[in-house]
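Engineer: Take a look at this one; I'll ask things after.
Each value in this text was obtained by applying a stated rule to the coordinates, not by laboratory testing. What you see is a predicted model, and the numbers here were worked out from it, not measured in a lab. Heads up, the Cβs are rebuilt from the backbone with ideal geometry, glycines too, and the neighbour counts pull from every protein chain shown.
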Amino acid sequence: MVDMPYIASEQDSQLKKLGLNFGFAGKTDFVPKVLLTKQIHSKKIVQADSLGFGVIEADGIFTQAKGVAIGVKTADCLPIIIVNKDLDFLLAVHAGWRGLCQGIVAEGVAIYQGLGLSSPLMAIIGPAICAACYEVGPDVALALEGQDLGLSKDQAKACLQQRPEALEKWFADLKKAAFFQLLNLGFKLQDIEVLHACSYEDASRWFSYRRDRVVSPSTSIISWASL
Ligand SMILES: [Zn+2]
C-alpha cells in the first residue's frame, strides 16, 4: 500500500510555518528538503541524486534513492507523480500542453525502462486547471489534435471541445490528455489517480496563472518523498 502524497500549496499555513523544509502527512519526523528544478516547458528530466548546486533547468526530476523528496511547481499546469510498485523509482513531472505534446510523460517511462526496472508504474495527476476553465485558441487546439500527443483520434477528440458560440475557442482537458497518454504507455486504469481539484476555481488552495496572472512565486508545489 502506497501513502498518498502530501500536497501543499504555498498558501497553506502549514507550509508557511515550515518554510521550504516541509514534511509529509503523518511523517513530520521525516522532513527532507524538496528538490525542485527551474521549469521551462520542456521534456527534459533529470536525476535528483546527480544534481549539484545551482539552478537546473528541467521539467521532470526522478530519484532511486531513499529519503529524497522531489517536486514540481504548478499554477494550472499538471503535476504528475509517477512511482513504481517496488517503490524504488519516483518521478515528478511538470506538464502543460507543451510538455505533453513534447512527450515528457513518455520520456519518463523511457528513462524508467532504461534503468532496467520493470515493476508496474502508478501515477497521480494532481490539481490543475480543469477543462471547463481552460479555454484555448487555435494554436493550442491544433497542437493537441496532432500526432505529438500520441493519442488516438477519438482520445484527442475527447480532450477538446469547441465552444459553439465562438468557433475559434476550445476548452482543453489536459488531465484527460495526460490520462490517455499514461494508458497508452501501459499504465493500468486502476493505477492512475486523477485528482479533480481545479487550480483556477479554488483560490484558497491553489495558485492559478490564468486567475492571478503572476508567475512567481505564486506556484503550488506537489511533492513526494521516496521511502
Ligand atoms: Zn475549473
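Engineer: Express in nm, to one decimal, how much length is gained between Q64 and Q190 on full extension, taking 0.36 nm for each residue of separation and deducting their alpha carbon distance.
Structural biologist: 43.0 nm
Engineer: What is the set of long-range amide H partners of V34 at a cut-off below 5 Å, with H atoms built 1.01 Å from backbone N?
Structural biologist: So V34 has HN proximity to F22.
Engineer: Ranked highest first by average number of other Cβ atoms within 10 Å, how do 173-180, 135-142 line up?
Structural biologist: Most protected by this proxy first, the peptides run 173-180, 135-142.
Engineer: Could you calculate the FRET efficiency of Q161 with L115 from 1/(1 + (r/R0)^6), where r is the beta carbon distance between them and R0 is 35 Å, rounded to 0.05?
Structural biologist: 0.35
Engineer: State, to one decimal in nm, how far the label point of D86 lies from the label point of C133, with both points 7 Å from Cα in the Cβ direction.
Structural biologist: 3.9
Engineer: From the phi angles alone, apply the Karplus equation (6.51, -1.76, 1.60; θ = phi - 60°) to the range 187-198 and give each ³J(HN,Hα) in whole Hz, x where the residue is Gly or Pro.
Structural biologist: Along the range 187-198, the couplings run 5, 7, 3, 6, 9, 10, 10, 10, 7, 8, 4, 9 Hz.
Engineer: Take a quick pass over the range 64-202 and tell me how many lysine pairs come in under 25 angstrom between Cα atoms, counting only ones 8 or more apart or on separate chains.
Structural biologist: Qualifying lysine pairs in the range 64-202: 17.
Engineer: How far, in nm, would the chain grow between R210 and K153 when pulled straight, counting 0.36 nm per residue and subtracting the alpha carbon separation?
Structural biologist: 17.7 nm
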